[in-house]
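What follows is a set of notes on a single structure, which appears directly below.
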Amino acid sequence: MNSSGGTRSPATKEMGWLCGDKLHFWEPNQTFHTDRPDLSECFQLSVLAWLPCVFLWVASPAYICYLKKSSRGYIMMSLLNRFKTAFGLLLWIVCWADLFYTFHELQQGQSPPPIYFITPLVLGITMLLATFLIQYERLHGAQSSGVLFFFWFLSLLCAIVPFRSKILKASSSGGVPDKLRFTSFYFYFGLILLELVLCCLNEKPPLFSNVVTDPVSPTRCNMFTLYIYLTALTCVFCPSFCPFSPQNPCPEATAGFLSTVTFWWFTSLAIKGYKMPLEAKDLWSLNQRDSSKKIVPKLLKEWEKEQTKVKSSEQNLTTKATYAKQQPSATNHVSGGAAGGETSPEEVEVLLSNQKAAPHQPSFLRVLIKAFGPYFLIGSCFKLLQDSIMFVNPQLLRMLISFTSQKDVPIWWGYTLAFLMFFAAILQTLILHRHFQYCFVTGMNVRTALIGAIYRKSLVITNAAKHSSTVGEIVNLMSVDAQRFMDLTTFLNMLWSAPLQIMLALYFLWQNLGPSVLAGVAVMVMLIPFNAVIAMKTRAYQVEQMQHKDARIKLMNEILNGIKVLKLYAWENSFKEKVLAIRQKELNVLRKTAYLGALSTMAWTSAPFLVALTTFAVFVSVDEKNVLDAEKAFVSLSLFNILRFPLNMLPQVISSLVQASVSLKRIQNFLSHDELDPNSVDRKTSSEFAVSVVNGKFTWAKEDEPVLDNINVMVPQGSLVAVVGHVGCGKSSLISALLGDMEKVEGEVCVRGSVAYVPQQAWIQNATLRDNILFGKSFNESKYRRVLDACALTPDLEVLPGGDMTEIGEKGINLSGGQRQRVSLARALYSDSEVYLLDDPLSAVDAHVSKHIFDNLIGPEGVLKGKTRILVTHGISFLPQVDNIVVMVEGRVSEMGSYQELLNQNGAFAEFLRNYALEDIVEEDEATEQLIEDELFPDDVLSNHHTDMVDNEPTVNEAKKSFMRQISILSGDSENFRCRSVRRQSQKKHQEAQEKKKPQEVQKLIQAETTETGRVKTKVFLEYAKAVGLVLSVIICLLYGCQSAAAIGSNIWLSQWTSDSLTNDTQNNVHKRVGVYAALGIAQGVLILVNCLLCRAYCMLRAAKLTHRNMLQGVLRAPQAFFESTPTGRLLNRFSKDVDAIDSHIPDNIDIWMRTFWYTLNVLLICSALTPMFLIVIAPLMVFYWWVQRFYVATSRQLKRLESVSRSPIYSHFSETITGASVIRAYDRHAAFVLMSDIKVDENQKSYYPGIVSNRWLGVRIEFIGNCIVLFAALFAVMGKDTLSPGLVGLSVSYALQVTMSLNWMVRMTSDLENNIVAVERVKEYSETKTEAPWEVEDKKPPAEWPTQGNVEFNEYSVRYREGLDLVLRNITLSVKGGEKIGIVGRTGAGKSSMTLCLFRLLEAAGGEITIDGVKISEIGLHDLRSKLTIIPQEPVLFSGTLRMNLDPFEKYSDDDVWKALEHSHLRKFIGNQPAKLELECTEGGENLSVGQRQLVCLARALLRKTRILVLDEATAAIDLETDDLIQSTIRTQFEDCTVFTIAHRLNTIMDYTRSDKGRFANSSLFPPTSFHHFECILL
């Protein structure tokens, strides 16, 4: 059949109606079997012309709907848009000019074929549609169009064939037969080309992101139009001032289609990151679609729907519905809502038990699928497309090998195949990275949503639920578990994609090798149960590892929170051993996991080889006619290589799925916890009482006994009510019940109006002092000053380095206890609420400040008069001034009434007052009063706003006045008298300097987390290599090389094997060929196993163990100042996320990097050896590779560092929130704190998102290099087809097809390794922190019995908190003889606690020295010193574990000793009543004991240690007067011959202390010795 006539092809006959008689539709000889191929004119006019039109008409309806739904405003008509529209109309004119010309020919009597009518008509209408779309896009704010880009690109591609064909015909025929159609086509081609170029350019951003839909009244129409006009001008000419654009918008939103597909829009950041290290300000704003504001509500909405569904299904089954918000009912909780929180029982004698998991829970997996499934599905569609294209190249390889083995075929076949392979690979690259982009963004969104949901939930969970999920566990949920979901989404599609790829590969293998492939399938099937067993065991180990990790993080959290106590008791080693014991268990599990991982890796890495071996062996063995030629072998090998990825990924995905399922269950359980019911406290009642509780019965957990029973309290509007009672009687629980923090079993609670809450232990944020007081309220100068005065904070501002703008550390660490409590009071006062719940706020301040606060703030003449106040108190000095007193006894209200009424009733309250308070009252005359006034409070002590202790009291009857005066003296807390006689002169000297201090000089306490910049130092890699072992590191590298050499060797051997078919020598060498091939493959598998065991199970774990141990040692050895300036969240982040990176991620990175490096090296060597011309292209490709890598690694590394740094504040803020959840709820600041958390998460994602885009940006460019390698390998194979055997061509090209992935992974792993090795850098940073003095100094060890006397001498001693700050104590000289009892009193911030801390060397001397029994404490080891002293600290700290462990962590004492200590500390009865006795489990922070009970445990610790020197730092502040009296008697008897330093909170605490020689600090005439015996009082 020739091209001009003769026999017509069947296709031509069928298409005769369209093409007519003159034109042929298909002519194979003209197309294939010629050196100048061409397509027939009819084919060009039909298929090639219609193909783009069909695409546009099919895509348009969906595209128009999409534009309508996601309208982003409109774009003003621009020059670009005008040109695009004009060219579109011109195209329509050109097409229809052809149509009219055909009609003209018809009129002239010619008979043009139908195709000449149909094609111009279809093209013309399609051009009108394209022009319509151009305008429709503009009106809906689309700046770039993928649909139109594809249309113009397809049109141009299809027009290239006729473009060439017309020129060839014109040149062969010597002229142009049809001049009009010839001219119109080239006009058409030029316009299409222009449209494609213009389509690559971007339109300007739309003017308004949302179309204004508010109705505008006619009277305001002109103003509105003017506003729109001015705003439009602003957005056009000054985009930076446009009100609708973010400060640093992400260019992705405005990127064109090509820029989006190739991720070109990221290049600007890559260049910036290469030129200089990126900083947070360089990062783009987060896209709105990815922000917490959009993502979290979407998840919570689905979660609520799921809960409602479960609730309704349970109701149908007539079971208890506890999974959705109920109306106010008997119990004060809601089961498993969408947010979370905590309560804080202060005085609960009943211990809390863990909440049992509900029998049936809502499915969180279903919620995730509904919330994020649709977006993820788009990525899945891309994956499906990529999987299909993946199998194109093996078929092209088959054709290429076939081409090289044929003679006398046109050379253009080979070149066409080479370029087809290149374009297929390019298309595969672009589609794959689009798929990855969708997956990673989904993962990022899932993490954002999970953190948001967990944070919200933690704010409202019940107390019982809080105890089953500790802070450490919830931090793990946020960090590790949320990360696991993010990691899983990346390869989740492999669950269906891997089986699909395997099936397609097997189908093509069947076509290639026939039934022999079943042998390979059998091998794969045999590996499945093996892998299933490994997966099951891995899951079990995963659960175990997470439990150990939770336990370790929980313990670290407690250690960091109680580090001061650990240092004071010298318990660091004990707790270090506890952490290391848990860590060892964790490492043991990791080692077992590594063994399983090694077996799994060997099995699945060897799987493609084993499949190939068995298949080839069976193929050549079953039939002598079966010849393994190059085509069969290397096409099969390329299919086996495709098979390698799903087979390798499937176990990893299953493993990730296993891990994520564990995490899913943990998160689901947490989100299903019971919630506090916001409706349990009626806040809208119009009752005459401000606060009322009727028949109230309350418990901390549903299954526990009630803590409060039969509570009936009515508090009239504007009254002051005091709640009194013994430790653990339920006073704080009553306040918690009024806040709604307890489970309400029965009764009604009504609180009218807004609430301000001051907890017993003040909650202070890591913010400025002013921010702590304002607490979200707007700043009002005059109101603010009044608040400071009322709370006695004004003098403190003079002491603080930055005044009220001083940053307060975590938990208020740089404020004294009294200052913290007064800040808490100031917050309550500034809030201007209607009801004030004050939980013993005066216990932390001294008597003078206590009186000042009562008189000016709480009392009948205070700022809060007229407000409703409920005051829990242990003090009785102010009781006569309150309106009503509620007396609590064992969880019940025993009495209620005014002070006088209760005295007249002669009940328990009157008995308590008589027995305790009145026994020591001595009637004093006015002279004594004056003596106290003159000497204890001289004029220069008191600031102007301070009132006198006695003279300004409200007028009450004489008996009451006398009683109050005596009680004021007895129980007065002298902590905060700033006795200027001690520091007056020095303060005067420094006063001017203080005033002149500029704000710039104020140092931030919590410094921003430092980030390393630039390349990761080689030293860090060396440190890790040293931890692994330098010799072992070299051996591991060599083993990887050998493994890769074995793999390459087996394929080279295969190439030789296939060459046997050319010499007809196949059958003679079968056994030898199969045997050597098998040996090389098995060697590869064995090397992998040995390498994995050596690398993962031994070396890497050794490094993980060492780095963690060094960091733990470094942190525990750090001085106290380090913990004051380093947030707990930051430290926890290092111990969780960074340690996890060293445990898991770095070994993975090293493993993949080593394998890809050796593989790439071998591929390049093989390609160069086979076709030396390949060396010519290697050089420019490697330069481009190096250039891309440098840009990427520099930017990606810094993005990872920024992401790490921005992660810590999320956890710090969370820990802070958990601690203060009750306060946050009370002040109704829930929404504000949720917003703060969302902002911190978004800040973190701001640096994470460019990180994932940088991987896509890299992937597209690196894979382009790989695709070029494929192209040149194929081109050179075509060019050298006469010299190369088909086997070598197959070997070269099949390896080149694989190198794309290797190059990509190598750069990715280089970057990931640098990113993750940052964890080693960060861990190393804390391993090398500045340490405190040595724990033990061998040559300066004091005698074992030291101190024998207990003599303490301060000699010209001065101290400051940190370098650069003012002195806290100046030139103190003091001598204390053994056995003396020293009372230390003074105003808040005067340095009382600092003085005691100096004894323990928590603060090191700035001058002078302290000696104990003649030994200078600065010369001996810290543990030698601290173990010989005992302190009962201001804040009682307990650790989770048994009570016995809390008392005696080193197990030095017998049970009898412990029981004796408990008896003396008045805890024996309580502990004896517990079923577990000494093994009683204390929860995190000891929160299942009241504050008073915790303080008694601390006393028991002191009694056990029984050292010669005892320090009591406001130790009885949280204890009622009666218990305080018992404790003081215990101290008097048990520590009779010990030296005791007491920071006194009540003067009766120190009234019987010894007098020593009257020194500079002694004030010998404070009180008459006849009444107070003898005491030494140091006034500061």
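The values are calculated or read from the model by the stated rules, or taken from the named source; none is laboratory data. Keep in mind that this is a model prediction, so the values were computed, not measured. Backbone-built Cβ (ideal geometry, glycine too); neighbour counts: all protein chains shown. Accessible surface areas use protein heavy atoms only, side chains included; no ligands, DNA or RNA. Shrake-Rupley method; radii C 1.70, N 1.55, O 1.52, S 1.80 Å.
Worth pointing out:
- Where labels lie 7 Å past Cα in the beta-carbon direction, separation of Lys298 and Met77 in nm: 3.7 nm
- Accessible surface, the stretch 615-739, averaged per residue in Å² (probe 1.4 Å): 34 Å²
- Across the stretch 734-745, coupling constants 3J(HN,Hα) worked out from phi with the 6.51/-1.76/1.60 Karplus curve, θ = phi - 60°, read 4, 4, 4, 5, 5, 7, x, 8, 10, 7, 8, 7 Hz, and Gly and Pro carry x.
- Efficiency of FRET from Cβ geometry, Thr794 and Ser898, R₀ 30 Å, rounded to 0.05: 0.35
- Chain lengthening between Phe1450 and Glu1409 when straightened (0.36 nm per residue, less Cα-Cα): 11.7 nm
- Report note on the peptides 299-311, 429-441: ranked by the mean count of other C-beta atoms within 10 Å, highest first, their order is 429-441, 299-311.
- Given charges at beta-carbon only (K, R positive; D, E negative), |dipole| of the stretch 47-162 in Debye: 560 debye
- Carbon + sulfur, % of accessible area of the stretch 1202-1280 - ligands and nucleic acids excluded, 1.4 Å: 67 percent
- Solvent-accessible area, 1.4 Å probe, carbon plus sulfur percent, for the stretch 652-786: 47 percent
- Sites matching trypsin sites (Lys or Arg not before Pro) across the stretch 1130-1174 that sit in DSSP coil, with at most 15 neighbouring C-beta atoms within 10 Å: none
- Filtered trypsin sites (Lys or Arg not before Pro), the stretch 567-629: DSSP coil and at most 11 other beta carbons within 10 Å: Lys625
- List Asp1366, Asp408, Asp387, ordered by accessible area with a 1.4 Å probe, largest first: Asp408, Asp1366, Asp387
- Burial order of peptide ranges 394-401, 1223-1230 (average beta-carbon count within 10 Å, highest first): 394-401, 1223-1230
- Cβ-Cβ distance of Ala1169 and Glu624, R₀ of 45 Å, FRET efficiency by 1/(1 + (r/R0)^6): the value works out to about 0.85.
- Counting only heavy atoms of the protein chains and using a 1.4 Å probe, Thr1219 has close to 80 Å² of accessible surface.
- Estimated vicinal HN-Hα couplings, Hz - the stretch 635-640 in sequence order (Karplus 6.51, -1.76, 1.60; Gly, Pro = x): 5, 4, 5, 5, 5, 5
- On a per residue basis, the stretch 751-829 carries 30 Å² of accessible surface, using protein heavy atoms and a 1.4 Å probe.
- Average accessible surface area per residue within the stretch 1168-1215, 1.4 Å rolling probe, Å²: 36 Å²
- Calculated FRET efficiency for the pair Ala1079/Ile528, C-beta based, R₀ 35 Å, to 0.05: 0.85
- Rolling a 1.4 Å probe over the protein chains gives Ser268 an accessible area of about 70 Å².
- Of the trypsin sites (Lys or Arg not before Pro) found in the stretch 659-760, those that fall in a DSSP loop while having at most 12 other beta-carbon atoms within 10 Å are Lys684.
- With the simple model of a label 7 Å out from the Cα in the direction of the Cβ, Ser1529 to Gln110 spans 12.6 nm.
- Each of Phe698, Ser732, Leu720 was scored by the projection of its Cα onto the charge dipole of the stretch 677-753, and the greatest displacement toward the positive side belongs to Leu720; charges sit on the C-beta of Lys, Arg, Asp and Glu.
- Dipole magnitude for the stretch 1133-1214: computed about the Cα centre from +1 point charges on Lys and Arg Cβ and -1 point charges on Asp and Glu Cβ, it is near 280 debye.
- Sorted largest first by accessible area at a 1.4 angstrom probe radius, with every protein chain in place, the residues Val147, Val1163 fall in the order Val147, Val1163.
- Here the stretch 1442-1533 exposes an accessible surface that is 48 percent carbon and sulfur, computed with a 1.4 Å probe and the other protein chains kept in place.
- Per-residue 3J(HN,Hα) values for the stretch 1368-1383, derived from phi via the Karplus relation 6.51 cos²θ - 1.76 cosθ + 1.60 with θ = phi - 60°, read 8, 10, 10, 6, 7, 10, 7, 10, 10, 7, x, x, 6, 10, 10, x Hz in sequence order (x marks Gly and Pro).
- Under a 5 Å amide H cut-off, with hydrogens placed 1.01 Å from N, Val889 pairs with Ser894 among residues at least 5 apart or on other chains.
- Taking 0.36 nm per residue of separation and subtracting the Cα-Cα distance, full extension of the segment from Glu746 to Lys1416 would add 235.0 nm.
- For the stretch 625-748, with +1 on Lys and Arg beta carbons and -1 on Asp and Glu, the positive-most of Phe634, Met649, Gln659 along the dipole: Phe634
- Only protein heavy atoms count here; under a 1.4 Å probe, Cys1498 has an accessible surface of about 0 Å².
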